[in-house]
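Down below is the structure, laid out as structure tokens.
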């Protein structure tokens, strides 16, 4: 009762207390890992990589003057929410934070990240591909050090496609034909899923047809170009809309318990995935015991001019609340800067490295994956996909843009609007939002 | 008829008040003053916490809501602009309409279930009655987030019992999380969780009615139904008013259940589904802390005004007049 009365009078209090940023705090005090050299400078790190503790221990073992104090503050948005609150309140952020490259400009525009160009970022620029470096830099400024990438491929159930006599699609036309063939054969599942909450996944599909949704440069932070209803995006979305209408693909939300089960129980024969997808699949339970997974390149619109796409990928940034920015920059640059660390990252966390010494190594190219029956998926699929990646520009309000995209796509698959209309509405709402936020539209 | 107000219904809240009243001072104002001083001293820990965690954040949020901060141009003082924007913001207004619709459906649903259960349990005196009381109350003991998570699995087309049940009657399984069914699914969760709690409040009020009244009614020839509708319900009207007030406030602040279900139904439940969710997304997903404060404050004022008007209109029933 008492709590109820408090709740009654405190609608704002709850929100307000949260708004004032009570989460400020003792980032240094609680490390998940054990610090063996207590006299060295401690750098607090937020990251959610699997098997990251081993990487941290390795770093701490090899460094005498800097020690990492690691916390898992949640995955993706959960972490960003905490970081965003800490930025607003002015305290409570870690020294180094794992961020996906798509949110870098959302935080750099709030002066939350340190320009690493002043802390020797250029020394390591040569260790990364041009596309990867473009994602973390803006003009001369460097806001993060790349870690892993998400070049896309197509993971498929060989057993299911063989059973229904369907060839592995190499173009999107073949993909649609395969979906029809699977349905006609009376298969219990569908060929693939089109998740309306796919966010970066859907964006990547559009990008394959030449979509450049945002033009944005941190050097001119108040000006933005928005073009989400271009012809390429419209043709891609019309394609998926038709597949949805014909009942050839599912429209389940991604990253739910249902979706995870369907991924591995044969409900979808194909999982169009990023390079971290195999790791994701491997971590799911209730897998079909007879499943036979293989990887192939992502289908193309025009096989004569293949376009490679990327979904996700993460970086380490130094926050402007870091006390010892020099030490923090060392951590950002070096934590995934050794072959040993990367062997943990590749074998235990299924990360796709952007660090060239390992990316271009024979070890990585020839690595055989038991999950894929010993297929060398890097050589076959992901390395060529990564080689074609030239970088991508995201908006400084990417979370909002994704939420709007999800809403429009949902309205589309519900039959409330056509695919063109959905993208036109998205364009209008993003333009309005950008104007409200004080940007000039290019 | 006992006339003490049941607005603070649970016995725990009423009992300590009584001895204090009995010992109320009759004489010297000096003694009274000393008592007052001691009273303030005893209340001060509460006041301190109250000021620190309620009054101060309220003013802080209000202060924040008077500024506008945009991503591109920084922060500036804009007075009540955020409030003007809020009350012309279709997302906020749609959210308000939605919670109003929830209030219209959910409050009667909870009240009817709670009232029926309480009236039945009040007339039963078997051991089964106390067990039923416990079972009906049990959902309230489950944390809201856990309850909503549990229901999200029950609603799941894959893990839930829906498919099995509808197979039995040969019907296709409905999607409990589609845009047109998620409303009912949410009503169901809230009713399940809170009816038991309201039942206990109403039941407690029913137990405080003097049994002699029932006897008198029986002598006058009233049957069970008449006793329930003509005597019991009117006599517990103050508790009912309180239950409705709580339910109203809870509904206007609707947040946790839709947030949890949003994890599995992002299309059907958007980021601005209820005003509270809108404030939350604005602040923590889109970093618009100032506008979020204005939304939260506007909602707070509406909740306050709504509860005040309701309590005013029902002052007779609740014994507040």
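Details
- Residue ranges of strands (runs of 3 or more DSSP E) in segment A:23-141 with at least 2 members away from every other protein chain (no Cβ under 14 Å) and more than 20 Å from residue A:351 (Cα to Cα): A:41-46, A:66-71
- Conditions (1) in contact with a strand residue (DSSP E or B) (Cβ under 8 Å, 6 or more places away or on another chain); (2) farther than 17 Å from residue A:309 by Cα; (3) surrounded by fewer than 18 Cβ atoms within 10 Å (Cβ to Cβ): number failed by residue A:177: (1)
- Residue that is modelled with the highest pLDDT, among those in segment B:277-287 that are within 7 Å of chain A (Cβ to nearest Cβ) and buried (at least 24 other Cβ atoms within 10 Å of the Cβ): B:279
- Count of segment B:172-186 residues which are more than 14 Å from residue B:264 (Cα to Cα) and in a helix (DSSP H, G or I): 2
- The residues in segment A:270-318 that are in a loop (DSSP other than H, G, I, E, B) and farther than 25 Å from residue A:105 by Cβ can be counted, and the count is 18.
- Residue, farthest from residue B:245 (Cα to Cα), within segment B:306-321, restricted to residues that are assigned to a helix (DSSP H, G or I) and touching a residue at least 60 places away in the same chain (Cβ under 8 Å): B:317
This table checks each residue for (1) within 14 Å of chain B (Cβ to nearest Cβ); (2) under 25 Å from residue A:434 (Cβ atoms); (3) modelled with pLDDT of 95 or more.
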position: A:219; (1), (2), (3): yes, yes, no
position: A:223; (1), (2), (3): yes, yes, no
position: A:228; (1), (2), (3): no, yes, yes
position: A:236; (1), (2), (3): no, yes, yes
position: A:252; (1), (2), (3): yes, no, no
position: A:260; (1), (2), (3): yes, no, no
position: A:267; (1), (2), (3): yes, no, no
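- Identification of helices (runs of 4 or more DSSP H) wholly contained in segment B:189-271 with 2 or more residues that are surrounded by 18 or more Cβ atoms within 10 Å (Cβ to Cβ) yields B:237-252, B:256-262.
- Search result, residues across segment A:227-242 that are touching a strand residue (DSSP E or B) at 6+ places or on another chain (Cβ under 8 Å) and surrounded by fewer than 21 Cβ atoms within 10 Å (Cβ to Cβ): A:227
- Selected residue [at positive phi and either in a loop (DSSP other than H, G, I, E, B) or at pLDDT below 95 (or both)] from A:150, A:186: A:186
- Of the criteria (1) outside any helix (DSSP H, G or I); (2) within 16 Å of residue B:286 (Cα to Cα), which one residue B:91 fails: (1)
- Residues located in segment A:392-432, provided they are within 12 Å of chain B (Cβ to nearest Cβ), assigned to a helix (DSSP H, G or I) and in contact with a strand residue (DSSP E or B) (Cβ under 9 Å, 6 or more places away or on another chain): A:398, A:401
- Just one of the listed residues (A:401, A:350) is crowded, with 21+ Cβ neighbours inside 10 Å and closer than 18 Å to residue A:155 by Cβ, and it is A:350.
- Qualifying helices (runs of 4 or more DSSP H) (wholly inside segment B:112-171; at least 1 residues being within 28 Å of the chain's Cα centre (by Cα) and over 21 Å from residue B:197 (Cβ atoms)): B:144-155
- Taking segment A:365-387 as the range and being surrounded by fewer than 15 Cβ atoms within 10 Å (Cβ to Cβ), touching a strand residue (DSSP E or B) at 6+ places or on another chain (Cβ under 8 Å) and either on the phi > 0 side of the Ramachandran plot or touching a residue at least 12 places away in the same chain (Cβ under 8 Å) (or both) as the test, only A:373 passes.
- Members of segment B:63-88 found to be within 12 Å of another protein chain (Cβ to nearest Cβ) and either part of a strand (DSSP E or B) or within 24 Å of the chain's Cα centre (by Cα) (or both), listed by number: B:68, B:69, B:70, B:74, B:75, B:76
- Checked against the criteria, residue A:427 does not count as more than 28 Å from residue A:279 (Cα to Cα) and either within 18 Å of the chain's Cα centre (by Cα) or free of Cβ contacts under 8 Å to residues at least 12 places away in the same chain (or both).
- Hits in segment B:288-305 - residues which are facing chain A (nearest Cβ under 7 Å) and over 22 Å from residue B:245 (Cα atoms): B:289, B:292, B:293
- Any pair with Cβ under 9 angstrom, 6 or more apart, that starts in segment A:235-263 at a residue that is on the phi > 0 side of the Ramachandran plot and ends at one that is buried (at least 17 other Cβ atoms within 10 Å of the Cβ): A:247/A:183; A:247/A:190; A:255/A:195; A:255/A:197
The values are calculated or read from the model by the stated rules, or taken from the named source; none is laboratory data. In this text the structure is predicted, and so the values were computed from the model without any measurement. We place every Cβ from the backbone using ideal geometry, glycine too, and count neighbours over all the protein chains shown.
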